Amino acid sequence: MRLNSVCLTFALLALFSSLSAGATDVKVKEEAVGAIEKRKAEMIKLSDQIWAFAETALREHKSSEALSRYAEREGFKVERGVAGMPTAFIASYGQGQPVIGILGEFDALPGISQKASPVKEPLEAGAPGHGCGHNLFGVASLGAAVAVKELMAAGKLKGTIRFYGTPAEEAGSGKAYMTRDGLFKDLDVCLAWHPATATQADVDSTQALVDFIVEFKGKAAHAALDPWDGRSAVDGLEAFTHGVNLLREHVKPTVRMHYAILKGGDVPNVVPEYAKVWCWARDSKRAGVEPVLQRLREIAEGAARIAGVESKFTIQSGCYEILVNLTGAKLLQQNLEWIGPIKYTEQEQEFARAIQRATGSEQKGLNGEIKPLKAPSPDPPGGSTDVGDVSWVVPTLHLSVTTAPESAWHAWPVVACGGMSIGHKGMILASKTLAATMVDLFEDAKTREAIQAEFKEKTKGFVYKPYVADGPPPVPKE
Ligand SMILES: [Zn+2]
């Protein structure tokens, strides 16, 4: 099975290896790259601002506004507060076909504030930090959109460019609401990238995920005087998590289940009336998540019966695995190779090695090389993204660019590098690659059609069913 899918992949790669590289005027691409080079200083400034704001999911007001204003100053028409999220926006320029979209994230992670320093040193203890490099993500994508706009304004490209300001990637699956509300459906192609420890056109998918809450409601009583009159919600919760841990032996090795107990009683001398656990379940494909989810529902019901309490199971959000587009990956790869690898100074390499020493990682330094295009793995490495939802409604091209050395991700080293030249260099390379690729997508109808043909083939009979609940997104009250 494994072998077959690998063979099929090579066949597909070979089939698309004849993609026309000559349909685009290289001068136009050079101008796109030049437009980014010209704006480098202001892009770095904008990224550093968002790095310092470090706002978490759906609270990214200053970050979203900084990006929106930048787009407006560049002549984009900006629609704020789309899909019911005050921090989500669409910036568009141009008119008519083709319509090319590009995604930009900007949310931070709680509790990992860090200075741009190679030792663990919070900027503000306990505050959020950009441990996934989304400050770079948003600005690189917007910079690429602006480069395309400049060519449109000069009459060198025709069509519509649309930058999507997509909040709440780290929690809440903001893009799933935007997909549910149909904001991507008229795009010809969509692009995205992500900060990483290696540079490559991505051909591996991500994990599908479901995010849910289980609550237990019992009856309070004095824990010593008349415990027989009480029913413990924590008993229900414990029976549930025990059931989850028993289930681990009977799921596929690709399944991941994790939970955090949010409420488990207040004091030992009261039989707890209420308990709450937050869970995620993942697998390589959405189709694999579904049967696990069903088992988890049954475990919650069984646990409630064991404890004589009530249970409530609420799906909060989730996302699909990324639908990889190999034709698109090939195009990204061509542009990556055309632009060339990232070159680091000795000081930057030493900064990276110092981080690796501090985290007990191998002292390999930074890898700015461009990895060759590989065959997709049958199962993705661990991790999920709401780009997955977008990729099932519009062909989506995905790139990874080095912005940090190999050490801990979603942690202080990524925050540190994202606020200095290592992160900035990755951001600029990503921006140039995305801009050059968009020039191809505007100019070369044949490649665009090949990307769309692969997408149509892979989504035959597919119906999009988001995990996010009906109704508006859970926007926090300020
Ligand atoms: Zn991320």
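The values are calculated or read from the model by the stated rules, or taken from the named source; none is laboratory data. Keep in mind the model is a prediction, meaning the values are calculated, not measured. No Cβ is skipped: glycine too gets one built from the backbone with ideal geometry, and neighbour counts run over all protein chains shown.
Here Thr206, Thr254 are screened, and the one residue that is assigned to a loop (DSSP other than H, G, I, E, B), polar (S, T, N, Q) and within 16 Å of the ligand (Cβ to nearest atom) is Thr206. Residues that are surrounded by fewer than 24 Cβ atoms within 10 Å (Cβ to Cβ), in contact (Cβ under 8 Å) with a residue 40 or more places away in the chain and either within 23 Å of the chain's Cα centre (by Cα) or closer than 22 Å to Cys417 by Cβ (or both) are absent from the range 135-148. Only strands (runs of 3 or more DSSP E) whose full extent lies in the range 44-116 are considered here, and none of them has at least 3 residues that are of a type in the set (Lys, Arg).
Gly318 meets all of the listed conditions (1) at negative phi; (2) modelled with pLDDT of 95 or more; (3) outside any helix (DSSP H, G or I) but one, namely (1). Within the range 454-478, residues that are over 30 Å from Thr327 (Cβ atoms) have Cβ atoms under 7 Å from residues that are surrounded by 11 or more Cβ atoms within 10 Å (Cβ to Cβ) and of a type in the set (Lys, Arg) in these pairs: Pro476/Arg59, counting only partners at least 6 apart in sequence or on another chain.
You will find that of Ile112, Ile100, the residue that is touching a residue at least 24 places away in the same chain (Cβ under 8 Å), within 16 Å of the ligand (Cβ to nearest atom) and in contact with a strand residue (DSSP E or B) (Cβ under 6 Å, 6 or more places away or on another chain) is Ile112 and no other. Within the range 165-198, the set of residues being away from the ligand (no atom under 12 Å from the Cβ) and of a type in the set (A, V, I, L, M, F, W, C) comprises Ala176, Met178, Leu183, Phe184, Leu187, Val189, Cys190, Leu191, Ala198. Every condition in (1) part of a loop (DSSP other than H, G, I, E, B); (2) in contact with a helix residue (DSSP H, G or I) (Cβ under 7 Å, 6 or more places away or on another chain) is met by Ala192 except one, and the failing one is (1). Each residue in the range 385-411 was checked for being within 14 Å of the ligand (Cβ to nearest atom), under 16 Å from Phe137 (Cα atoms) and touching a strand residue (DSSP E or B) at 6+ places or on another chain (Cβ under 8 Å), and 10 of them qualify.
The listed residues are Lys158, Lys149, and the only one of them that is in a loop (DSSP other than H, G, I, E, B), more than 16 Å from the ligand (Cβ to nearest atom) and of a type in the set (Lys, Arg) turns out to be Lys158.
Just checking, does the range 170-182 include any residue being in a strand (DSSP E or B) and buried (at least 24 other Cβ atoms within 10 Å of the Cβ)? Taking every residue of the range 170-182 in turn, none turns out to be in a strand (DSSP E or B) and buried (at least 24 other Cβ atoms within 10 Å of the Cβ).
Residue count for the range 267-307 under the criterion of being within 11 Å of Ala233 (Cβ to Cβ) and either crowded, with 20+ Cβ neighbours inside 10 Å or of a type in the set (D, E, K, R) (or both): the result is 9.
Against the definition (away from the ligand (no atom under 16 Å from the Cβ) and surrounded by 24 or more Cβ atoms within 10 Å (Cβ to Cβ)), how does Val214 come out, yes or no? Against the criterion (away from the ligand (no atom under 16 Å from the Cβ) and surrounded by 24 or more Cβ atoms within 10 Å (Cβ to Cβ)), Val214 qualifies.
Within the range 229-240, does at least one residue satisfy the condition of being in contact with a Leu (Cβ under 9 Å, 6 or more places away or on another chain) and surrounded by fewer than 20 Cβ atoms within 10 Å (Cβ to Cβ)? No: zero hits. Go through (1) in contact with a Pro (Cβ under 8 Å, 6 or more places away or on another chain); (2) within 16 Å of the ligand (Cβ to nearest atom); (3) not hydrophobic (A, V, I, L, M, F, W, C) and name the single condition Ser47 misses. It is condition (1) that Ser47 fails.
Of the residues making up the range 117-146, those that are part of a loop (DSSP other than H, G, I, E, B) and more than 16 Å from the ligand (Cβ to nearest atom) are Ser117, Pro118, Val119, Lys120, Glu121, Pro122, Leu123, Glu124, Ala125, Gly126, Ala127.
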